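Have a look at the structure below, then the notes.
The values are calculated or read from the model by the stated rules, or taken from the named source; none is laboratory data. As the structure is a prediction and not an experimental result, all values here were calculated from the model. Note that each Cβ is placed from the backbone with ideal geometry, even for glycine, and that neighbours are counted across all protein chains shown.
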Ligand code: ADP
Ligand code: ZN
């Protein structure tokens, strides 16, 4: 396996040495927030601790958690640890689950974030001679500028398309000879399908070789679809506004979990109910402490994203811990007749199945005080013209498979091609009519 590292010192540092660096940086950030952010000073005082109690990572559990609500309560600038004059950039989360969180970056923060994203893209084999098409939205959302800065650091040629305008995207991709695509996995699917519909052929008309996709949960099945549609290697990249933006976690060629840049953040997995730290390889809620951020450092920020952490050595040689795919956000979880269901569980059943396209929507409702879950999935053109009994047979197969995965009966509805809205950014997979 070819081993390429953007920053070999940091990406392959022996773990004891990495731990020593984290200890030092953790002590520093705790001192900074205690001195400059009243919110953290108050929280630490309530817990009866001072920066002197934090010697290193082993004391992380003593520190307070930070919740999305804390950001909202201190909206917009209350958690900044430097004067506003030191802030060079503002970003905000997409607001998928409520009021957006605002983050402020110093010039050093922007550099460090670009470094994270450069590591991610270099890992996907992108270098100076590549042409990177950024089809994440530009603006307050961190996707567009995050990928832009990372590619810039690598010295690649950037096409700052932003999201949407699909025909134009494809025209540019083709005419400029883009070799790398950055966008959400759902938009990558849409781009791939449109390329095929236009009669274009990857490898001949389109020269993409890799893509870094993230900002929303997706499955291995979806990865295969995207790789086939676009003729590329598709890599998962994770991030969130409160911590940096995309690049906090990135996949290597092993495609077996995302390395977390632990020289900049300390990840933990906790039980979301008891809030107790969980051991490696046990699924739970991902929590981050930033150790190099200046503008808005975060202590034990609760992401509400569910995954595992794994410290076993990776075949790529990086010593950085790996986070597994995000199986869902606790906010996305739907409870149907008392059973927890994540959209990714349904996606893993649907995507790649013959006769259906990778577009689906879950509609939850309550009828006569019982929850119902309708799974809408698009048929392929071929399937639409098949016999009624074949279509019914497909619906029954899907029903049975979903039942074996999530344990409940659903109402499977095969819908016409293109009837489910396409996403240019984060896909909306669930409509919960119980909450309307
Ligand atoms: P939000 O979507 O909460 O408004 P952001 O725009 O900052 O906020 O997006 C961050 C969130 O996007 C993460 O907390 C996570 O839920 C989701 N996300 C980002 N990257 C990935 C990924 N690779 N896989 C799954 N989910 C992701
Ligand atoms: Zn690796």
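Just one of the listed residues (253, 273) is surrounded by fewer than 21 Cβ atoms within 10 Å (Cβ to Cβ) and away from ligand 2 (no atom under 16 Å from the Cβ), and it is 273. Taking the criterion of being touching a residue at least 40 places away in the same chain (Cβ under 8 Å), part of a loop (DSSP other than H, G, I, E, B) and under 26 Å from residue 345 (Cβ atoms), the only residue of the stretch 281-307 that qualifies is 283. Considered as a group, the residues in the stretch 83-96 that are surrounded by 14 or more Cβ atoms within 10 Å (Cβ to Cβ) and farther than 16 Å from residue 244 by Cα include one that is nearest to the chain's Cα centre (by Cα), and that residue is 96. Of the numbered criteria (1) surrounded by 13 or more Cβ atoms within 10 Å (Cβ to Cβ); (2) farther than 30 Å from residue 74 by Cα; (3) modelled with pLDDT of 95 or more, the one residue 3 fails is (3). Scanning the stretch 375-385 for residues that are within 23 Å of residue 220 (Cα to Cα) and not in a loop (DSSP other than H, G, I, E, B) yields a count of 5.
For residue 217, the conditions (1) touching a residue at least 40 places away in the same chain (Cβ under 8 Å); (2) within 16 Å of ligand 1 (Cβ to nearest atom); (3) assigned to a loop (DSSP other than H, G, I, E, B); (4) surrounded by fewer than 23 Cβ atoms within 10 Å (Cβ to Cβ) all hold with the exception of (4). For the stretch 68-178, the strands (runs of 3 or more DSSP E) that sit wholly inside it and include 1 or more residues that are over 29 Å from residue 190 (Cβ atoms) and either touching a helix residue (DSSP H, G or I) at 6+ places or on another chain (Cβ under 9 Å) or more than 16 Å from ligand 2 (Cβ to nearest atom) (or both) are 87-92, 102-106. Report yes if residue 344 is under 19 Å from the mean Cα position of the chain (by Cα) and under 23 Å from residue 220 (Cβ atoms), otherwise no. In short, yes.
Residue under question is residue 312, and the condition is that it be within 16 Å of ligand 2 (Cβ to nearest atom), modelled with pLDDT of 95 or more and surrounded by fewer than 17 Cβ atoms within 10 Å (Cβ to Cβ); does it hold? I'd like the intermediate steps shown before the answer.
Details: within 16 Å of ligand 2 (Cβ to nearest atom): yes; modelled with pLDDT of 95 or more: yes; surrounded by fewer than 17 Cβ atoms within 10 Å (Cβ to Cβ): yes.
Taking the combined requirement at face value, the residue satisfies it.
Within the stretch 308-336, the residues that satisfy the criterion of being in a loop (DSSP other than H, G, I, E, B) and more than 15 Å from ligand 1 (Cβ to nearest atom) are 311, 312, 313, 314, 315, 316, 317, 318, 319, 320, 321.
Per the conditions (1) surrounded by fewer than 19 Cβ atoms within 10 Å (Cβ to Cβ); (2) touching a residue at least 40 places away in the same chain (Cβ under 8 Å), the sole criterion not satisfied by residue 368 is (2). Just one of (1) without any contact (Cβ under 8 Å) to a residue 40 or more places away in the chain; (2) assigned to a loop (DSSP other than H, G, I, E, B) fails for residue 4. It is (1). When residue 328 is tested against the conditions (1) modelled with pLDDT under 95; (2) surrounded by fewer than 20 Cβ atoms within 10 Å (Cβ to Cβ), the lone failure is (2).
Quick check on the stretch 344-355. Is at least one of its residues assigned to a strand (DSSP E or B), touching a residue at least 40 places away in the same chain (Cβ under 8 Å) and within 16 Å of ligand 1 (Cβ to nearest atom)?
At the first step, the residues of the stretch 344-355 found to be assigned to a strand (DSSP E or B) are none.
Within the stretch 344-355 (the criterion being assigned to a strand (DSSP E or B), touching a residue at least 40 places away in the same chain (Cβ under 8 Å) and within 16 Å of ligand 1 (Cβ to nearest atom)), the answer is no, since none of the residues qualifies.
Yes or no, residue by residue, for (1) within 16 Å of ligand 1 (Cβ to nearest atom); (2) in contact with a strand residue (DSSP E or B) (Cβ under 9 Å, 6 or more places away or on another chain); (3) over 18 Å from residue 258 (Cβ atoms):
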| residue | (1), (2), (3) |
| --- | --- |
| 171 | no, no, yes |
| 180 | no, yes, no |
| 183 | yes, yes, no |
| 186 | yes, yes, yes |
| 191 | no, yes, yes |
| 205 | no, no, yes |
| 210 | yes, yes, no |
| 229 | no, yes, yes |
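Return yes when residue 358 is in contact (Cβ under 8 Å) with a residue 60 or more places away in the chain and assigned to a strand (DSSP E or B) and no when it is not. So residue 358 passes the test.
Checking each residue in the stretch 400-420 for being surrounded by fewer than 16 Cβ atoms within 10 Å (Cβ to Cβ) and in a helix (DSSP H, G or I) picks out 400, 403, 404, 405.
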